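Q: Sharing a structure with you now.
The values are calculated or read from the model by the stated rules, or taken from the named source; none is laboratory data. On a predicted model such as this, the values are computed, not experimentally measured, just so you know. So basically every Cβ, Gly included, is an ideal-geometry build from the backbone, and we count neighbours across all protein chains shown.
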Amino acid sequence: MTTVATDRHVEEPEPTGTISFSVRLTKRERDLLSRAAKKRARSLTSLLKNAALEKAVHILNTSAPNRVDFRGTAEEIARQLFAPRSVQRPGEQIGDHPIRCEVYASVEAVIAAEDRDGVAVSPWHPPPEFLVQIRDAVHYGGTEFLDLIVQASEAITTRNEGNLADPIDPNSI
C-alpha cells in the first residue's frame, strides 16, 4: 500500500484503488485554502478534493439534459429580474402571439377596471414551487447555474441595445 503526504505532513495510507494528484500552490494560495479548510474544520486535502469534485459535478450537471432544467430556470430568473413588465389581455392576439403593452406604474394605468378580468401581468409573481426549482438548480448546479442566470440576464438587458458590436463572420477569418 502506498502512502500519501497530507497538509498535516503526516503519512497516511492511501486507500486501495486510488491515485495521487499533485497540485502546485503559491504560499498565498496555500494560506487562503488553509484558512478556508480551518473554517470548515477539514483538512486541506479534503477541502481541495471535495471542492474539485463538487465543481466537476456542477459542470457536468449544467452541461447535459437532466431532471433539473438549469437553463430554463436561469432564463426565468433573468426574466423575473430584468424583463420589462407587460400586460396581456385575454383574447387579444396577432396569430399565436398575444398583444402586449407596456405597464409604467400599474395595470390600472393601461386597462379600465371593467376590462381587468383575466389580465396577466408578466413577469409573474412566482409560486412557491418556483423556489423549490431554484433551490434544486443552485444545489445541483452551483456557480455554474448562477453563471447561466448572468448569461440569460445579459441576453435580456443587451437585447435592445443599438450599440452592440457586429458578430464575427466566420468567412472573414
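Q: If you go through segment 10-56 one residue at a time, how many are in contact (Cβ under 8 Å) with a residue 24 or more places away in the chain and either under 22 Å from Val138 (Cβ atoms) or among the acidic types (Asp, Glu) (or both)?
A: The number of residues fulfilling the criteria is 2.
Q: Continuing with this model, one more query. Suppose the filter is within 10 Å of the chain's Cα centre (by Cα) and modelled with pLDDT of 85 or more; does Val132 pass it?
A: On the way: within 10 Å of the chain's Cα centre (by Cα): no; modelled with pLDDT of 85 or more: yes.
No, not satisfied.
Q: Could you please tell me which pairs satisfy a Cβ distance under 7 Å, a separation of 6+ or placement on different chains, a first residue in segment 129-148 that is more than 12 Å from Glu75 (Cα to Cα), and a second residue that is part of a helix (DSSP H, G or I) and among the acidic types (Asp, Glu)?
A: Listed pairs, sorted by first residue: Gly142/Glu54.
So that you can scan it fast, the table gives a plain yes or no per residue for (1) at pLDDT below 85; (2) within 18 Å of Phe82 (Cβ to Cβ):
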site: Ile149; (1), (2): no, yes
site: Ala152; (1), (2): no, yes
site: Thr157; (1), (2): yes, yes
site: Asp169; (1), (2): yes, no
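Q: Separate question: Output yes when any residue across segment 92-100 is at pLDDT below 90 and surrounded by 13 or more Cβ atoms within 10 Å (Cβ to Cβ), and no when none is.
A: yes
Q: Restricting attention to segment 30-57, report how many residues are surrounded by 10 or more Cβ atoms within 10 Å (Cβ to Cβ) and under 26 Å from the mean Cα position of the chain (by Cα).
A: Residues meeting the conditions: 17.
Q: If I filter segment 8-27 for residues that are modelled with pLDDT of 90 or more, over 29 Å from the mean Cα position of the chain (by Cα), within 27 Å of Asp147 (Cβ to Cβ) and of a type in the set (D, E, K, R), do I get at least one hit?
A: The answer is yes, given that some residue of segment 8-27 is modelled with pLDDT of 90 or more, over 29 Å from the mean Cα position of the chain (by Cα), within 27 Å of Asp147 (Cβ to Cβ) and of a type in the set (D, E, K, R).
Q: Can you pull out the residues in segment 58-70 that are surrounded by fewer than 18 Cβ atoms within 10 Å (Cβ to Cβ), touching a residue at least 12 places away in the same chain (Cβ under 8 Å) and either in contact with a Pro (Cβ under 8 Å, 6 or more places away or on another chain) or assigned to a helix (DSSP H, G or I) (or both)?
A: Of everything in segment 58-70, just one residue is surrounded by fewer than 18 Cβ atoms within 10 Å (Cβ to Cβ), touching a residue at least 12 places away in the same chain (Cβ under 8 Å) and either in contact with a Pro (Cβ under 8 Å, 6 or more places away or on another chain) or assigned to a helix (DSSP H, G or I) (or both), namely Ile59.
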